[in-house]
Each structure stands twice: as C-alpha cells, then as structure tokens.
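The values are calculated or read from the model by the stated rules, or taken from the named source; none is laboratory data. This is a predicted model, so every value here is computed, not measured. Virtual Cβ from ideal backbone geometry, glycine too; neighbours counted across all protein chains shown.
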Amino acid sequence: MPSLQDQIASRRTFAIISHPDAGKTTLTEKLLLYTGSIQTAGSVKGKASARHAVSDWMDIEKERGISVTSSVLQFTYGDFCVNILDTPGHQDFSEDTYRTLMAADAAVMVIDGAKGVEAQTIKLFKVCTLRHIPIFTFVNKLDHDTRDPFDLMDEIEQVLGIHTYPMNWPIGSGRNFKGVFDRQSRRVLAFQGDGHANATKKVQEIEADLGDPKLDDLIGQENHQTLMDDIELIDGGGDDFDEDAVRTGRLTPVFFGSALTNFGVEPFLKDFLRLAPAPLPYRDSLTGDLVEPAENDFSGFVFKIQANMDKNHRDRIAFVRICSGQFQRGMDAYHVQGDRKLKLATGTAMMADDRATVDTAYAGDVVGLFDPGVFSIGDTVCADAKHKVQFPAIPTFAPEHFARITQVDTLKRKQFIKGVEELAQEGAIQIFREMGMGMESVIVGVVGVLQLDVLERRLNSEYHVKVRRDGLPYSEIRWITNGPDEIDVARLNLSRDTCKVEDMRGNRLLLFTNEWNVNWAVERNPDLRLSEFGNVTI
C-alpha cells in the first residue's frame, strides 16, 4: 500500500488554457484517449453527430462547440494520477478560468500555430504568472499551414515575456507535415494517422536518427536538410534547458503537434508528467505559514460550484481542491467560513458530468462534494477546528455588463428566485436587487455578454422559467463601504441615471453609467466612501 507521501507525489494537477478555437478541448480529449479513459474522441467540429467533447457537458456547449464551464477530469497514466482542469476559452468566461487556475499546480497553454499568441492567451497567461506556476506550451494545428516556428517562438518571448525551450521541432506543416524531431532523444518521430482527420486510434511512431539517409525517404530530402539547419541553429543560439526556471514559470517548454490528428500528443504527455511539479503548498492566511501537501491533516478550498449537473436531480456540487492530507468518504470536517462541523458523506470524481463515488483522495486531487447550499467560492474545509487553516479568498471580477432579468410568468416567482440565486452562487453571474424593490425582476452583472445567454438558457432548461432580458447602460460599479448607521443611501445626492442596489448579502452598491457620474457622487457626498472591489460572491 503506497504511503501518503507516495500517493501525493504521484499527483499532477494542471489547467489547460487557450484562446477560443486553439484546440484546447480537443487536446484534452486526446489525452484521455491515450490513457484509455475514453474509446472515441468527440470531434469538437462534428457537432452534427452524436459525439461531443467529453469535457463539454452543457447543452449550449454541445450546440455551439465551445466550453463555457470549467470541467474536471481525472485519469491515470503509468504511475501518475492526473487531474485536468479544462477551462473555458471564451473571453466572456475568464472569471471561471481565473478561479480554476487557483486550483492548478501547472498550466498548459495551447497556441494555434497559424494565429500565434492571441488576446485571451495574453490575459490568461498573466493570471498564471501571478502564481508563478510552471507553464507548458503546446503549439497546435500543425496539420494546417502554420507560421514559421521561429516566428512563433519569438512572439511567445516578446509578447508574453517568458523564455522558451523547444522540446521538439516540427517537420513541415499542413499537407507537408511529416512529424517532429525530439531534441532529447535526437530522433525524428514520423507519425502516421489512420487517414481520418479525427483519428480514433493511437498513431504509429517511426524512429530515425537525424542525418540518417533513411530520413530522405521518410520525410523528403528538402525537409531533412531544413530540419538539420533548424536544429543546428536552435542548439547553437537557443536558451539552455533549466528545470528550476521551468518550475518558477520563467521558462516554458514548447511542444509542437496536432491534437486533432494525434501528432505529438503522447510525447508531450510523457515529458509533461516528468517535468510538472507534484502538488504545491498553499499559504494559510491566518498564520502566513505554508500548508505542506504531505501534512496528515486534511484541508482544501472550494474553487467552483456547479448546480444541476444531473438534470434528474436538483443537485449542487462544490469542487474542492485538496491542499493537504487525505480525504475519506464519510469523514468529519470543519467548514471555516460557516464555523460548523460537516460530514463529507459523498465525494465524487468527475469526467465532466459523468461521476463516480470516491472513497479516498489525496492532496492535489479535486473532489466534488454535495453542497446543500452552505458553501461559497473560496471557502476552506479542514479536518477540525483545532487544526484550523484558512486559504486566501479568491478574488471576484467586477461586472462589466448589466441587464434586467424579469420573469415572464409571475406564478413561477419561487422557481425564478431559486434559479437566479443558485446560478449566482456558482460565481458566473452577480445578482442585485434595486433598493426597496422585490424579486420580480433583478439586475444581473456579468464579466462577458455570453454569460447572459447561458443564464437565460439555464433558467429555461433547468428551472423551467422563461425570462425577459433588457440591457442596461451601466458600466461602473462601486461598493458603499460606510455602515448602515453612517449614511442613508436614500438621501444621497446622485445623478439621475445612477442606480442604488443591494447584493444578495445585503451589501449596498451604486451602478453608474460612466466615470463622470462616479466623480459626481464622490464630490457631492463628502462622507460617502466607495470601493471598486468587494466580496460579492454569494
């Protein structure tokens, strides 16, 4: 029986990030295919068929071919237990991605070989650098015509400000794509698919040494000469490989391949598991000390809440990243923010919406806990009150778009309130109520407009509530930090189009249409204290 330390050392927990359509979900599928977790990969392009990506479980994801929620997927490969956190690529869901990165020990950045570094990649990369976690780069879509690999490497270094080290090197691209040269083994791996774009079987690897005359037949004489020139240039003028720089996020190993046709996927997986760190310690905000993963006492934090993953049951799952010790089904635990004891009766491991009961899990793993409505994003769960730890709160993005959501059928008021409150607890939306008004209609704030589409769809499909949506002109939000006894919000001197609202915790806020109105409020109400940030998670 492996010891606690051995179990934890075998864990690898990473998030996959990218700009939309760079092939992030497809890469996730092929990693699962190689490990035997699934038998058939659902092409993200083939949405007309019955197949969909395993990690895309919502109806809207299957219809549009995009990921709009973070999925948690676990599999074993060799001696490793791997947790993949597949994140939304769409910019409208960057907040969900940010929270997910808080639970990852490393990140895999997928880049479209034809487009290079794109806007959303830059934004997500900055989040990774805040935590100084290792970043591995997979340059995808080599089965299409791509930009010069030297240009791509230079762009990663210039735009993202991180040094690069190519672990392999592509041989051609598009129709001329013949495989990759592995710099460690100094061999060419020529890949042969089964002739289909979305190959569903493992590819054959043919190895040959650089300079071997057989390579002229295998990849063509011109490709062979270009490859030898490229490798000579890289070996002579590139960065040296520095494992310490990789672990601190200063150097990114770069892999070239094609997730859709399986080129370079398994070599990437092997090298990634060799170089990626075992679970990292998290800091206890109460003492400032690091909580080491191998400590005996169980602890973890909630980084995601998802309602109604099972349409047959109105369930809520709180996703917990285990930071230390061991989880055991049925164990007693302490909910720090709620100051209460809990029995963790059910733990689940997830394959998107397909779940299996977990009896034990270890630091680095992600378990789904049944949530009766007690957890909020960022909450800490630990062994007991005597050994209390509390991990730092997860910051919340300020909304950038606002809309009024009104129920169409007033007889469904109860379902409407339940729906918006439960979906707000997931963290994708923030709901506000105008002061002095009821809940017949609410103001919803979101980071991206597509979140409003998802809200409307989910209220209809999961709660059977039809709503009317009216866009609102607000663009600035401020929290009132004065206590209720200090200031009477009703008597504030505000511009006519400023809206006074409360969040679901009773915090008082002001919504403004522009910065000028914010300044107006501050100038004409000298005792008013406003903040751009607030703890607005439900």
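So which residues in the range 409-421 are buried (at least 22 other Cβ atoms within 10 Å of the Cβ) and not hydrophobic (A, V, I, L, M, F, W, C), if there are any at all? Steps first, answer last, please.
Within the range 409-421, the first condition is being buried (at least 22 other Cβ atoms within 10 Å of the Cβ), and the residues that meet it are 416, 419-420.
Within the range 409-421, just Gly419 meets the criteria.
Lys115 fails exactly one of the following numbered conditions: (1) surrounded by fewer than 18 Cβ atoms within 10 Å (Cβ to Cβ); (2) of a type in the set (Lys, Arg); (3) in contact with a strand residue (DSSP E or B) (Cβ under 8 Å, 6 or more places away or on another chain). What is the number of that condition?
Evaluating Lys115 over (1) surrounded by fewer than 18 Cβ atoms within 10 Å (Cβ to Cβ); (2) of a type in the set (Lys, Arg); (3) in contact with a strand residue (DSSP E or B) (Cβ under 8 Å, 6 or more places away or on another chain) leaves (3) as the failure.
Does Ser258 satisfy being polar (S, T, N, Q) and surrounded by fewer than 19 Cβ atoms within 10 Å (Cβ to Cβ)? Spell out the reasoning first.
Working: polar (S, T, N, Q): yes; surrounded by fewer than 19 Cβ atoms within 10 Å (Cβ to Cβ): no.
Here the answer is no, as Ser258 does not meet what is asked.
Sort out which residues of the range 456-482 are surrounded by fewer than 20 Cβ atoms within 10 Å (Cβ to Cβ), in contact with a helix residue (DSSP H, G or I) (Cβ under 9 Å, 6 or more places away or on another chain) and under 20 Å from Gln415 (Cα atoms), and write them in order of number.
Arg457, Ser461, Glu462, His464, Lys466, Arg469
Would you check if Gly211 is of a type in the set (Gly, Ala, Ser), part of a loop (DSSP other than H, G, I, E, B) and closer than 23 Å to Val188 by Cβ?
Working: of a type in the set (Gly, Ala, Ser): yes; part of a loop (DSSP other than H, G, I, E, B): yes; closer than 23 Å to Val188 by Cβ: yes.
Yes; evaluated as a whole, the condition is true for this residue.
State the number of residues belonging to the range 491-516 that are within 21 Å of Val446 (Cβ to Cβ) and more than 35 Å from the chain's Cα centre (by Cα).
Residues flagged as within 21 Å of Val446 (Cβ to Cβ) and more than 35 Å from the chain's Cα centre (by Cα) within the range 491-516 amount to 1.
Could you check, for the range 455-468, whether at least one of its residues is at pLDDT 90 or above, aliphatic (A, V, I, L, M), under 28 Å from Leu530 (Cα atoms) and not assigned by TED's automatic domain parsing to the domain that holds Lys304?
no
Return a yes/no flag: does the range 471-478 have any residue that is within 15 Å of Lys500 (Cβ to Cβ), among the acidic types (Asp, Glu) and not in a loop (DSSP other than H, G, I, E, B). Give the derivation first.
At the first step, the residues of the range 471-478 found to be within 15 Å of Lys500 (Cβ to Cβ) are 472, 474, 476-478.
The next check asks that each one be among the acidic types (Asp, Glu); those that pass are 476.
Then drop every residue that is not not in a loop (DSSP other than H, G, I, E, B), which leaves 476.
Within the range 471-478, one or more residues are within 15 Å of Lys500 (Cβ to Cβ), among the acidic types (Asp, Glu) and not in a loop (DSSP other than H, G, I, E, B).
Per-residue answers, yes or no, for (1) buried (at least 21 other Cβ atoms within 10 Å of the Cβ); (2) β-branched (Val, Ile, Thr):
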position: Gly378; (1), (2): yes, no
position: Lys386; (1), (2): no, no
position: Val389; (1), (2): yes, yes
position: His401; (1), (2): no, no
position: Gln407; (1), (2): yes, no
position: Gln425; (1), (2): yes, no
position: Gln430; (1), (2): yes, no
position: Met439; (1), (2): no, no
position: Val454; (1), (2): yes, yes
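Take the residues in the range 73-92 that are farther than 18 Å from Phe272 by Cα and under 9 Å from the mean Cα position of the chain (by Cα), then tell me which one is modelled with the lowest pLDDT. Lay out the reasoning, then the answer.
Of the residues in the range 73-92, the ones farther than 18 Å from Phe272 by Cα are 87-92.
Those still in the list that are under 9 Å from the mean Cα position of the chain (by Cα) too: 87-89.
Details: Thr87: 71, Pro88: 64, Gly89: 52.
Within the range 73-92, the match that is modelled with the lowest pLDDT is Gly89.
So which of Ile219, Ile231, Ile206 ends up being modelled with pLDDT of 90 or more and among the β-branched types (Val, Ile, Thr)? First the steps, then the outcome.
Details: Ile219 fails: modelled with pLDDT of 90 or more; Ile206 fails: modelled with pLDDT of 90 or more.
Result: Ile231 is the single residue among Ile219, Ile231, Ile206 that is modelled with pLDDT of 90 or more and among the β-branched types (Val, Ile, Thr).
When the residues of the range 354-376 are filtered to those that are of a type in the set (Gly, Ala, Ser) and not in a strand (DSSP E or B), which remaining residue is surrounded by the most Cβ atoms within 10 Å (Cβ to Cβ)?
Residues of the range 354-376 of a type in the set (Gly, Ala, Ser): 356, 361, 363-364, 368, 373, 376.
Imposing the further condition that a residue be not in a strand (DSSP E or B) reduces the set to 363-364, 373, 376.
Working: Ala363: 31, Gly364: 26, Gly373: 13, Ser376: 20.
Filtering first and then ranking leaves Ala363.
Return the residue satisfying two criteria in turn: it lies in the range 1-30 and is at pLDDT below 90 and β-branched (Val, Ile, Thr), and of such residues it is farthest from the chain's Cα centre (by Cα).
Thr26
What number of residues in the range 493-536 are hydrophobic (A, V, I, L, M, F, W, C) and in a helix (DSSP H, G or I)? Don't jump to the end; show me each part of the working.
First, the residues of the range 493-536 that are hydrophobic (A, V, I, L, M, F, W, C): 494, 499, 501, 504, 509-512, 516, 518, 520-522, 528, 530, 533, 536.
With the extra rule that they be in a helix (DSSP H, G or I), the set shrinks to 516, 518, 520-522.
Summing the residues that are hydrophobic (A, V, I, L, M, F, W, C) and in a helix (DSSP H, G or I) in the range 493-536 gives 5.
If Asp154 passes every condition in (1) among the charged types (D, E, K, R); (2) within 30 Å of Leu130 (Cβ to Cβ); (3) buried (at least 18 other Cβ atoms within 10 Å of the Cβ) but one, which one does it miss?
Asp154 satisfies all of (1) among the charged types (D, E, K, R); (2) within 30 Å of Leu130 (Cβ to Cβ); (3) buried (at least 18 other Cβ atoms within 10 Å of the Cβ) except (3).
Here is a yes/no grid of residues against (1) closer than 24 Å to Arg12 by Cα; (2) part of a loop (DSSP other than H, G, I, E, B); (3) not charged (D, E, K, R):
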| position | (1), (2), (3) |
| --- | --- |
| Ala104 | yes, yes, yes |
| Met109 | yes, no, yes |
| Phe125 | yes, no, yes |
| Leu130 | yes, no, yes |
| Phe136 | yes, no, yes |
| Val139 | yes, no, yes |
| Leu142 | no, yes, yes |
| Glu157 | no, no, no |
